[in-house]
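Single-structure report; data block below.
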Amino acid sequence: MKILKKLVVLMAVVGLIALGLSACGGTPSGPHQSKNGIETSDDGVMRKDLTALELAELMGNGINLGNTMEAYGHTTIGVGADVSAYETYWGCPVTTQEIVTGMKEAGFTALRVPVAWTNAMNYESGDYTIGEDYLNRVEEIINYALNEDMYVIINDHWDGGWWGMFGSANEETRAQAMELYTSMWTQIAERYKEYSDYLIFESANEELGYRLNDTDVAADSGTLSDAECFTVANQINQAFVDTVRATGGNNENRFLLIAGFGTDITNTCNSQFVMPTDTANSKLLISVHYYDPSGYCIFDSVPSWGNKDHYIDQNTMLAKMTQFTDQGYGVIIGEYGVLMENGTMKENTAEYYRNFLSNCDLYGYVPMLWDCSNMYDRRNCKIVDDEVASIFLEHSYAVQSKQSRENIQANAQAYMDQALEAAPEGAGVDENTAMAWIMYNSSDWNISYSVGDVYKPDDKTAGIEAVDVEVTGPGTYTVSLDFTGTSGGYANSVVFSALAISNAETLYPDCIINIKEVLINGEPYKLGGRPYTSSDDGKCTRVNLYNGWVSAVPDDARVFGGGGMAGVTPNLLDPDTLGNVETIEVTFEFITAE
């Protein structure tokens with residue numbers, strides 16, 4: 001989802017905590033020495049006839065070792081620091097066998113280890129060699145999980161944003177990006193090639209999408225169109241498969257996890273995203289992430305979840321990934337979670353998890369909880385909430401392995417049906433109503449009002465007063481938001497906003513919205529260009545007030561008054577000068593086709 005495009009640093013900050021070394025108990029199984037001198041209990045066996053769908057069933061319920069080996073210290077402490085300096089850079093403790101053993105006891109049988117490999121690489125000088133100590137430490141963590149008969153996924157995570165080199169205006173920089181990528185995976189694949197199929201390689205993270213245009217490292221990035229982002233993402237995934245397979249040995253048949261486009265479900269289900277070809281049979285899986293709605297899951301702007309619309313949205317979105325299971329690809333939800341608010345759980349977190357995990361049971365997906373020693377406390381090696389702890393155990397492989405697949409699916413469907421039936425109605429409108437409102441996210445993400453193409457006035461920060469109006473035909477209308485009743489009394493500038501009208505595309509085809517006036521804090525605001533009317537979903541009509549993720553005016557854009565597309569922009573507001581917004585009011589003319 002595009003709204004998550006620039007949240008990596010924010011998510012890291014959310015996970016920062018000051019912890020000491022774990023003192024909880026646990027005894028690893030008897031290790032022996034690997035070829036590289038690292039202790040391992042892995043037997044190196046590859047089950048060549050095991051399919052990706054069968055593997056997904058065996059993997060069970062999983063968890064991330066977040067904010068740990070992907071913690072990024074490259075730009076501040078260089079590449080020669082002790083590995084523990086990187087591992088603890090974002091506030092999490094040094095990982096121990098006891099921590100991972102506690103994860104297994106909590107019901108997790110798969111561990112995803114996000115990694116920032118350029119922490120130990122002088123890639124800026126063209127040297128793509130990964131430091132031996134870093135490779136060793138990742139291997140030790142792999143073995144902690146293998147000692148507990150857990151499956152392990154390793155990837156290349158955000159990694160300082162070097163991925164933006166693929167979107168550079170310089171052809172040489174783009175070539176260097178691919179050279180870095182293939183060199184990295186050649187080293188990783190060679191280093192860990194003797195491990196069994198309990199070890200899985202993942203091609204990328206959320207950056208394999210529109211974030212190929214990120215400017216963290218390549219200041220001249222941003223040259224790729226949306227279509228080109230799909231093309232390059234497909235090329236990178238193909239290079240990943242080809243590179244790993246070329247290293248031979250166990251890697252000829254290792255299960256490979258392909259990062260979906262931006263790991264966003266909707267974009268990954270887009271026909272422009274293409275799974276790579278593979279010389280191995282039925283050994284590919286697909287990874288997406290799920291943090292919907294983001295105002296509830298990631299930020300604190302939406303305090304609660306659980307009406308009928310929420311259940312329907314979750315069930316509908318997750319069902320989309322069956323297009324991959326139908327083709328024989330295992331599906332891994334590589335990240336999901338409801339991040340805690342000031343150390344406490346948000347309202348209905350347990351219900352969110354129970355319905356989400358039931359969806360995974362129904363469709364055979366592998367859920368991987370995103371956690372940075374929050375829900376799973378690495379100091380005490382336990383889930384911090386007893387109800388949530390029981391949910392993870394109920395959906396664990398240890399419990400479900402005693403049931404038939406048919407029984408698991410029946411139980412999941414029965415729960416989902418019951419939960420939806422019992423959920424309260426949302427405050428939206430039916431498909432025959434055109435409701436106008438202002439979508440809004442503040443720049444600090446603390447203020448949110450009904451962001452998304454479906455009108456959901458319940459999804460808002462407490463204290464917001466909204467004036468939304470029903471559009472009944474051509475005419476002039478006014479909508480507004482008042483933030484003075486929120487805890488801060490205002491919205492800190494804007495990171496996204498749009499004037500939207502639900503169902504207008506179907507009720508009033510080819511309609512146009514002409515913005516007459518915008519008032520900020522009661523004063524007229526001079527727009528930074530001409531607005532355009534468009535739709536993302538073919539139902540909701542909208543005009544972007546500020547949308548920094550739109551790289552080009554869409555093909556279906558409609559403008560008022562002729563003059564072509566001169567001066568048309570998705571960024572009518574200027575977040576750099578907008579300041580504190582106490583109120584925003586938009587008056588617009590609604591024009592229908594004759």
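Structure values in brief
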{"quantity": "Matching residues in the range 63-105 - criterion: being hydroxyl-bearing (S, T, Y) and either within 25 Å of the chain's Cα centre (by Cα) or more than 21 Å from E124 (Cα to Cα) (or both)", "calculated": "T68, Y72, T75, S84, Y86, T88, Y89, T95, T96, T101"}
{"quantity": "Residues of the range 429-453 classified as β-branched (V, I, T) and surrounded by fewer than 19 Cβ atoms within 10 Å (Cβ to Cβ), total", "calculated": "2"}
{"quantity": "Failed item in (1) open to solvent by less than 10 Å² (accessible area, probe 1.4 Å); (2) within 26 Å of S497 (Cα to Cα); (3) in a helix (DSSP H, G or I), with T316 passing the rest", "calculated": "(1)"}
{"quantity": "Which listed residue is under 27 Å from D459 (Cβ atoms) and either more than 20 Å from the chain's Cα centre (by Cα) or assigned to a strand (DSSP E or B) (or both), from S282, S301, S287", "calculated": "S287"}
{"quantity": "Cβ pairs under 7 Å, 6+ apart, first in the range 293-309 and surrounded by 20 or more Cβ atoms within 10 Å (Cβ to Cβ), second in a loop (DSSP other than H, G, I, E, B) and of a type in the set (F, W, Y)", "calculated": "Y296/W305; C297/Y291; I298/Y291; F299/W445; S301/W445"}
{"quantity": "Selection count, the range 568-584, where residues are assigned to a helix (DSSP H, G or I) and at pLDDT below 95", "calculated": "0"}
{"quantity": "Close pairs (6 angstrom Cβ cut-off, 6 or more residues apart or separate chains): of a type in the set (A, V, I, L, M) in the range 259-275, assigned to a helix (DSSP H, G or I) anywhere", "calculated": "I265/M317; V274/N234"}
{"quantity": "Residue among Y128, Y134, Y89 that is touching a helix residue (DSSP H, G or I) at 6+ places or on another chain (Cβ under 6 Å) and open to solvent by 10 Å² or more (accessible area, probe 1.4 Å)", "calculated": "Y128"}
{"quantity": "Condition met for D574 (more than 23 Å from V471 (Cβ to Cβ), of a type in the set (D, E, K, R) and without any contact (Cβ under 8 Å) to a residue 24 or more places away in the chain)", "calculated": "no"}
{"quantity": "Any hit, the range 460-472, residues being in contact with a helix residue (DSSP H, G or I) (Cβ under 7 Å, 6 or more places away or on another chain) and of a type outside the set (D, E, K, R)", "calculated": "yes"}
{"quantity": "Output for the range 54-85, where each listed residue is free of Cβ contacts under 8 Å to residues at least 60 places away in the same chain, open to solvent by 10 Å² or more (accessible area, probe 1.4 Å) and aliphatic (A, V, I, L, M)", "calculated": "I77, V79, A81, V83, A85"}
{"quantity": "Selection within the range 172-223 - among the charged types (D, E, K, R) and assigned to a helix (DSSP H, G or I)", "calculated": "E172, R174, E179, E190, R191, R211"}
{"quantity": "Cross-chain or 6+ apart pairs with Cβ under 8 Å, the range 407-422 first and within 13 Å of F356 (Cα to Cα) and open to solvent by less than 60 Å² (accessible area, probe 1.4 Å), then at pLDDT 95 or above and basic (K, R)", "calculated": "Y415/R354; A419/R354; L420/K308"}
{"quantity": "Top-ranked residue of the range 484-520 - restricted to ones that are part of a loop (DSSP other than H, G, I, E, B) and within 18 Å of T577 (Cβ to Cβ), ranked as most open to solvent (accessible area, probe 1.4 Å)", "calculated": "Y490"}
{"quantity": "Qualifying residue in the range 467-482 (condition: in contact with a strand residue (DSSP E or B) (Cβ under 9 Å, 6 or more places away or on another chain), aliphatic (A, V, I, L, M), open to solvent by 50 Å² or more (accessible area, probe 1.4 Å) and not in a strand (DSSP E or B))", "calculated": "no"}
{"quantity": "From the options A350, A398, residue that is open to solvent by 20 Å² or more (accessible area, probe 1.4 Å) and either closer than 22 Å to T109 by Cα or part of a helix (DSSP H, G or I) (or both)", "calculated": "A398"}
{"quantity": "Subset tally (residues that are closer than 30 Å to Y329 by Cβ and assigned to a loop (DSSP other than H, G, I, E, B)) for the range 40-83", "calculated": "19"}
{"quantity": "Residue among F560, F588 that alone is among the aromatic types (F, W, Y), touching a strand residue (DSSP E or B) at 6+ places or on another chain (Cβ under 7 Å) and in a loop (DSSP other than H, G, I, E, B)", "calculated": "F560"}
{"quantity": "Residue list for the range 366-386, restricted to those being assigned to a loop (DSSP other than H, G, I, E, B), open to solvent by 10 Å² or more (accessible area, probe 1.4 Å) and either of a type in the set (D, E) or at negative phi (or both)", "calculated": "W370, N374, R379, N380, V384, D385"}
{"quantity": "Whichever residue in the range 99-125 is farther than 19 Å from N61 by Cα and not hydroxyl-bearing (S, T, Y) and, among such residues, is most open to solvent (accessible area, probe 1.4 Å)", "calculated": "E124"}
{"quantity": "Flag for G334 being closer than 30 Å to N251 by Cβ, modelled with pLDDT of 95 or more and part of a loop (DSSP other than H, G, I, E, B)", "calculated": "no"}
{"quantity": "Contacts under 7 angstrom Cβ, first residue in the range 516-527 being farther than 15 Å from T484 by Cα, partner of a type in the set (S, T, N, Q) and open to solvent by less than 90 Å² (accessible area, probe 1.4 Å), 6 or more apart", "calculated": "K516/T587; E517/T587"}
{"quantity": "Inter-residue pairs, beta-carbon under 8 Å, first under 18 Å from L572 (Cα atoms) and in the range 497-511, second modelled with pLDDT under 95 and open to solvent by less than 10 Å² (accessible area, probe 1.4 Å), 6+ apart", "calculated": "none"}
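Residue-wise test of (1) out of contact with any helix residue (DSSP H, G or I) (no Cβ under 6 Å at 6 or more places or on another chain); (2) open to solvent by 10 Å² or more (accessible area, probe 1.4 Å); (3) touching a residue at least 24 places away in the same chain (Cβ under 8 Å).
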position	(1), (2), (3)
I141	yes, no, yes
I153	yes, no, yes
S168	no, no, yes
E190	yes, yes, yes
K193	no, yes, yes
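The values are calculated or read from the model by the stated rules, or taken from the named source; none is laboratory data. All values reported here derive from a predicted model rather than from experimental measurement. Cβ atoms come from the backbone with ideal geometry, glycine included; neighbour counts cover every protein chain shown. Surface areas here come from the heavy atoms of the whole protein model, side chains and all, with no ligands, DNA or RNA. Shrake-Rupley method; radii C 1.70, N 1.55, O 1.52, S 1.80 Å.
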